[in-house]
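Everything on this sheet refers to the single structure shown next.
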Amino acid sequence: MIAAFLDEVGPWSWWVLGLLLLGAELLVPGVFLVWIGLAAIAVGLVSLALWGSALWPWEVQFLLFAVLSVLFVLLGRRFYAGPAGLSDEPLLNQRGASLVGRIATLGEPIRDGRGRVKIDDSFWPVKGNDLPAGTRVRIVAADGATLSVEAA
């Protein structure tokens with residue numbers, strides 16, 4: 001059945017499939033179907049040269065399509081994703097890390113290495129050397145919501 005269909009339609013069947021997949025990408029965006037569509041078009045290009053050859057049965061065509069689909073998806077994801085870890089806002093959603101370097105005043109004394117500091121309208125837990133309340137401290141590191149401080 002598959003062989004008969006491909007014989008009737010010819011090598012253009014791969015081009016039609018590729019264009020349908022590219023069109024489906026417009027309806028369901030996600031930058032995934034485009035790579036599979038390009039693989040189908042590539043198989044169509046190879047089919048133009050090898051159509052009717054004993055080396056080009058439908059099983060080989062589907063195997064090449066599957067291999068090219070996986071290859072194009074992997075290469076496309078790598079290309080489309082861009083450099084990993086680069087952002088114009090690297091500390092977004094890391095509020096504690098964004099406070100490193102700021103000067104603040106201890107709202108509660110640091111006793112046994114633990115205390116609290118007031119920053120803007122919030123109190124943050126801090127760790128560091130024992131210091132009395134009201135001391136100005138510099139935030140040197142953040143571990144989650146706990147800030148490490150030293151006397152400023």
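Details
- Cα-based Rg and Dmax for the range 95-151, where Dmax is the largest Cα-Cα distance (Å): 9.5, 26
- Computed Kirkwood radius, in angstrom, where 1/r is averaged over Cα pairs of the range 2-81: 12.9
- In the chain, the DSSP-assigned H stretches of four residues or longer account for a calculated mean residue ellipticity at 222 nm of -15000 deg cm²/dmol, using -39500 (n - 2.57) per stretch and the full residue count as denominator.
- The Cα-based radius of gyration and maximum Cα-Cα distance (Dmax) for the chain are 30.5, 88 Å.
- Here the label points at Arg114 and Glu89, each 7 Å from Cα along the C-beta direction, are separated by 3.3 nm in the simple model.
Each reported figure results from applying straightforward, stated rules to the coordinates on display, with no laboratory input. This one's a predicted model, so the numbers in the text were calculated from it and none came from an experiment. Cβ atoms come from the backbone with ideal geometry, glycine included; neighbour counts cover every protein chain shown.
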